[in-house]
Structures are given as structure tokens and as C-alpha cells.
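Chemist: Here it is: the structure, laid out below.
The values are calculated or read from the model by the stated rules, or taken from the named source; none is laboratory data. Just so you know, these numbers come straight off a predicted model, no measurement behind them. Because the Cβ atoms are built from the backbone with ideal geometry, glycine has one as well, and the counts that use them run over all protein chains shown. Ligands, DNA and RNA are excluded from the accessible area calculation, which covers all protein heavy atoms including side chains. Shrake-Rupley method; radii C 1.70, N 1.55, O 1.52, S 1.80 Å.
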Amino acid sequence: MTKHCADRSYSPASYRGLQNVDPHDFALIRNDFDVYLRGLGYSAYTVAFYERRLLRLANWLGEHCRRPRMTELTRNEVPHLLNRFLPGRRPNTLACFRRPLLQWLRFQGRFARPVSKVGWQRWLDDYLAVLRTHRGVADTTIQRAQVNVSALLKALFGKGKANWARVQPADLWQFALRHTSGVSASYAEERLGQVRRFLQFAVMQGACSQPLLTSFPKVANYGSCTRPSILSKEQERELLACFDRRSPEGKRDYAMTMCMLHLGLRAVEVVRLKLGDADWQNSCLRVFLAKMGSGRQLPIPAQVLVALRDYVTNGRPEGTSFNQLFLRHPRRRGYPLSQAVLKHTIIRAYRRCGFPRSWCGTHRLRHTFASRLHQRGADLKPIADLLGHRHLDSATVYTHSAPQALQAVAQPWPW
């Protein structure tokens, strides 16, 4: 029992309808689990919400003698347990109980991934291991590959073992049609590209033949631009001016945007920055490996240095146990920032500025950084080094040439 909650004299009998809760489980939920959630930065409202749901579930478990106790639950039992506890309820209602229950399993040290019962799981695990260890792709790419490859293996083999000898080109075509139904051409191209790369892995393993891989369909995605338009100087000033730099949250959002606009950082690199990565005396920033490129050390421009100092000195929460540079405000204050929160922060800034509704995400800022350098005469090699790319071909995607710059190389039409 922690000192923080030692003065609580609550018991299951003091709550109406909770007489069947095990006293030991009740004490853990109301005391130690309470401290655990507050240490993660959860608000008092969320902590009370989680506790109420867990106490209701613990009371239901107490009514059924054959059910496990709260301290004996595992992650494999969560879906079936909630369906028995709340039969016929809507998905939103189940989610209100699933979230606190999963956090309870983390607190108990029982948050283990469920063991897969499908026969083709080894193929998926081996392929994801290759992506992670040999190709060094980002975690988000691995997650997308897991979703698309799992869909293929489930469609071809169900829950049984992978029998590649029975796979025919017609099976791949049927899967491709179902898997790309109702999505845009670019999204369908990405989905099938993930599956095609897995089939190449299967060919290298000797499981399927090259003709089977060749028969896998491709998406005709003509005329679509894969590169987002960059910000003009006026749009850049408008975007930076939309952040309220008088508040801690505004200072944070302004500093993160400056890091992407003037340092070319990816969103995942921004949220992974730590306090020790900034060398304030030498005005340098250390950025660790995020994808297939290399970690790098970047000089910090004066305006970015001012924004970072302002946030760390006057905006960053104090007394937190996390050493990430950018933290949450105001909900879950002091907890590390996620990539999704950063993305939605930039999208809301686009909306405040009145930019096109199609603008979304943070990669537009990275494109703007690289294109400005290219338009000022910088070669591709230093641009690739600043972006963290090993190959120059990767940097060419981020360089947009201005139309007026092409007039100098245009030749007169021969008559």
C-alpha cells in the first residue's frame, strides 16, 4: 500500500452493488493502480473512470465463482471475458471497458501478446523480422506490412498451414480485388505493394514460383502526384503565426513545426527527440536513426534555437520522469508525445490558416525544407545528408523545382 493513498478507508461494502469484489482486488484498484495511472499522467477524471469500470468487472467476477480473479487475468481472456460480461453491447461500450482492462494488465505485468493459433504465423514472423533487422524499415511500415500480409495469408490459407503449392494466380487476383475494393488508387497501390514484397520474400525462400509472383496484379495509378505541394513563403509565415506562443502548448507546437520546416525532421524523429540530444552551446541537434538512413547531427538555425529554448525554459512541464523533449499539454500533462498527436496538431494548424482541405500530415514541411535548399542551389548530396538518406534517389523525391528556375534551361523550339 502506497503512502499516497494510505489514508483511504474504502471497502467494497461501502459501495452499493460492489459487495462481491474481492477485498485484495479492491485495494489494488483503489490504491496502487490509482497511483500507477497518475504516474503516467492520467487526469483525475480518467483515473476515476477506469477504476469504476474495473470495480464493476471485479464485482461480476466475484459473483461467478468459476471466473478468475482480477490478478489472474491474461490478455488472451479479454475478448471472451468482455463478451460474457457485456453480451450484445455496442463496440463503443466494450471499448470503455477494454481500455482500463488492458491498462490493468500492463500494471500487473500480464500484458503479453496473445499466442497466434494460425498455421501460417511463422511466415509472417520471419518476414517482419527481415524488414526489421535487415532492411531497417520504420515501425509504421512494419505495422502496415503486418496488416496487409496477414490479410493475404488468411485469405489463402485460413487458419491452416501455408500450402503454397495449391495457390493459383486466380486466388491472388480474387484477393487483390477484395483487398482494394472501395479505396483510392494510391492506397490500393500501397496495399498491393506490401503484399508483392512479401511474395518476393516467399520466392526467395523457395516457397512459390516466379511466375506466380509475376501474375500478381498491379494498380494503374496514372496521373497522380506522389509529392505534396510545398508551402510558399507567405503560407509558411501564416502557419508559424497561427500558434499561440503565450501558452506552453503553443510554444511546443511552434518549436516542433520549426524543427520540421527548418531542419527537415520526420514526425517520428521529432517525437523521439530527448533533452540530451540538443547541444545548446554548439547549437547542434543529434537525431537518431529512424528508417533505413543513418543518424545525423544537424546545426540548429538561430530561429529554431530560440524556439526550442523558449519551450524548454518556459513551456515544458517540470517534475516529469520522462526525458523526451516534447511532452503532452494539458491532458496527460508531462507524458511523452505521440506521432498521431503531432500529426493532428499540424492538421488543425492547416485548418486555422485556411489551407486546402486536402492538406494533411507533416511530410509537406519536410518537402518544403528540401525544396528550398534545392532552389537555392544546394546539391543533392548535402540535401540527402541533412534528410538522413543513404541514396540520392531518395532525396530527389523531396526536391521541387520552381517553374521560373526551369526557364533558364529551356531551349527555343527549332523551326
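Chemist: Within segment 261-279, can you find the residues that are among the aliphatic types (A, V, I, L, M), open to solvent by less than 50 Å² (accessible area, probe 1.4 Å) and more than 17 Å from the chain's Cα centre (by Cα)?
Modeler: Selection gives Leu261, Leu263, Ala278.
Chemist: Continuing with the same structure: Does Ala95 count as open to solvent by less than 60 Å² (accessible area, probe 1.4 Å), closer than 30 Å to Arg38 by Cβ and without any contact (Cβ under 8 Å) to a residue 24 or more places away in the chain?
Modeler: So Ala95 passes the test.
Chemist: Something else: Restricting segment 20-42 to residues that are small (Gly, Ala, Ser) and assigned to a helix (DSSP H, G or I), which is nearest to Trp60 (Cα to Cα)?
Modeler: Result: Ala27.
Chemist: Those residues that are hydrophobic (A, V, I, L, M, F, W, C) and in contact (Cβ under 8 Å) with a residue 60 or more places away in the chain, I need them from segment 259-287; list them, please.
Modeler: Once the filter is applied, which keeps residues that are hydrophobic (A, V, I, L, M, F, W, C) and in contact (Cβ under 8 Å) with a residue 60 or more places away in the chain, segment 259-287 yields Met260, Leu261, Leu263, Leu265, Ala267, Val268, Val270, Val271, Val287.
Chemist: Right, Arg56: surrounded by 13 or more Cβ atoms within 10 Å (Cβ to Cβ) and modelled with pLDDT under 75 or not?
Modeler: No.
Chemist: From Gln324, Gln339, which residue is touching a Pro at 6+ places or on another chain (Cβ under 6 Å) and more than 26 Å from Pro382 (Cβ to Cβ)?
Modeler: After ruling out the rest, the residue left standing is Gln324.
Chemist: Ok, one more. Scanning for something among the hydroxyl-bearing types (Ser, Thr, Tyr) and either open to solvent by 60 Å² or more (accessible area, probe 1.4 Å) or closer than 30 Å to Leu373 by Cα (or both), does segment 187-208 turn up at least one residue?
Modeler: Yes, segment 187-208 contains at least one residue that is among the hydroxyl-bearing types (Ser, Thr, Tyr) and either open to solvent by 60 Å² or more (accessible area, probe 1.4 Å) or closer than 30 Å to Leu373 by Cα (or both).
Chemist: Next question, about the same structure. Looking at segment 318-332, is at least one residue touching a strand residue (DSSP E or B) at 6+ places or on another chain (Cβ under 9 Å), surrounded by 20 or more Cβ atoms within 10 Å (Cβ to Cβ) and under 24 Å from Ser371 (Cα atoms)?
Modeler: no
Chemist: Continuing with the same structure: Having 1 or more residues that are at pLDDT below 90 and farther than 29 Å from Arg99 by Cα is the bar; report the helices (runs of 4 or more DSSP H) wholly within segment 111-224 that clear it.
Modeler: 185-204
Chemist: Okay, moving on. Give just the number: which of (1) open to solvent by 80 Å² or more (accessible area, probe 1.4 Å); (2) on the phi < 0 side of the Ramachandran plot; (3) not aliphatic (A, V, I, L, M) does Gly88 not satisfy?
Modeler: Gly88 satisfies every listed condition except (2).
Chemist: Can you find a residue that is modelled with pLDDT of 90 or more, part of a loop (DSSP other than H, G, I, E, B) and not hydroxyl-bearing (Ser, Thr, Tyr) anywhere in segment 340-355?
Modeler: Yes, segment 340-355 has at least one match.
Chemist: Further question: What about Met256, is it touching a residue at least 24 places away in the same chain (Cβ under 8 Å), touching a Leu at 6+ places or on another chain (Cβ under 8 Å) and either in a loop (DSSP other than H, G, I, E, B) or farther than 23 Å from Ser321 by Cα (or both)?
Modeler: No; evaluated as a whole, the condition is false for this residue.
Chemist: Another question about this same structure. Please enumerate the residues belonging to segment 152-181 that are of a type in the set (A, V, I, L, M) and within 16 Å of Val219 (Cβ to Cβ).
Modeler: If the condition is that a residue be of a type in the set (A, V, I, L, M) and within 16 Å of Val219 (Cβ to Cβ), then Leu152, Leu172, Ala176, Leu177 are the ones that fit.
Chemist: Pick from Arg237, Arg246: which is over 30 Å from Leu386 (Cβ atoms), out of contact with any Phe, Trp or Tyr (no Cβ under 8 Å at 6 or more places or on another chain) and at pLDDT 90 or above?
Modeler: Sole residue among the options that is over 30 Å from Leu386 (Cβ atoms), out of contact with any Phe, Trp or Tyr (no Cβ under 8 Å at 6 or more places or on another chain) and at pLDDT 90 or above: Arg246.
Chemist: State all residues of segment 230-250 that are open to solvent by 30 Å² or more (accessible area, probe 1.4 Å), more than 21 Å from the chain's Cα centre (by Cα) and within 18 Å of Leu325 (Cβ to Cβ); if no residue qualifies, say none.
Modeler: Arg245, Ser247, Pro248
Chemist: Does segment 307-316 contain any residue that is in contact (Cβ under 8 Å) with a residue 40 or more places away in the chain and under 25 Å from Leu392 (Cα atoms)?
Modeler: no
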